[in-house]
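Below is one structure, written out as structure tokens; the observations come after it.
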Amino acid sequence: MAALATHLSIKEIWSWLEDVPDPEIPVISVVELGIVRDVSLDGAAIVVTVTPTYSGCPATAVIAMDIEQAIRKHGIDEVRIETQLSPAWTTDWITESAREKLNAYGIAPPEKGAACAGALRTRTRIKCPLCGSANTECISQFGSTPCKAHYRCKDCLEPFDYFKSF
């Protein structure tokens, strides 16, 4: 027998979503990434509002499917995923714990507050997530996914991804 969404707390549903990993960076959840904007109840249905990292993100459909499966796993039949494009997602929505997890995973996290500074801002050096050196260089603005750039550390000579600021 399916659970009724009306008997659930919004807090409980958020906790389920904390376990949904980002398909491109599985070390962080979609909640930590900041793309889950809202969870609400509409009668017996659970409505999850998601803002993609950018409108062309290839993982958007997979994320919606993973969120829906995570909720259905708890016996909920009525799930609706809604996309909200405005305001646009920003890397400032990434939680501090996710930034730490990215760094530990070998991806330099985006600079805090860089999204608000604009594209013409002079960037500080990106720190290597492997050795911590700021003696790094951008190899390509196109990394392993569209939201990352490829960098190299000049001290430890290791390549790494940098999660671009949006």
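The values are calculated or read from the model by the stated rules, or taken from the named source; none is laboratory data. Remember, predicted model here, so these are calculated numbers, not experimental data. Counting neighbours? That spans all protein chains shown, and the Cβs are built from the backbone with ideal geometry, glycine included.
Just a few scattered comments:
- Of everything listed in (1) touching a residue at least 60 places away in the same chain (Cβ under 8 Å); (2) surrounded by fewer than 18 Cβ atoms within 10 Å (Cβ to Cβ); (3) of a type outside the set (A, V, I, L, M, F, W, C), the single unmet condition for residue 100 is (1).
- Residue check, residue 66 out of contact with any strand residue (DSSP E or B) (no Cβ under 7 Å at 6 or more places or on another chain) and not assigned by TED's automatic domain parsing to the domain that holds residue 129: yes
- Residue check for residue 49: over 11 Å from the mean Cα position of the chain (by Cα), at pLDDT 95 or above and surrounded by fewer than 19 Cβ atoms within 10 Å (Cβ to Cβ): yes
- Counting only residues that are surrounded by 14 or more Cβ atoms within 10 Å (Cβ to Cβ), modelled with pLDDT of 95 or more and farther than 17 Å from residue 40 by Cα, the range 60-88 holds 2 of them.
- The range 11-27 residues that are outside the structural domain of residue 104 (by TED's automatic domain parsing), paired with ones that are among the basic types (Lys, Arg) and buried (at least 17 other Cβ atoms within 10 Å of the Cβ) (beta carbon under 7 Å, 6 or more apart): 27/101
- Within the range 56-88, the set of residues being closer than 20 Å to residue 8 by Cβ, of a type in the set (A, V, I, L, M) and outside any loop (DSSP other than H, G, I, E, B) comprises 64, 67, 70, 71, 79, 81.
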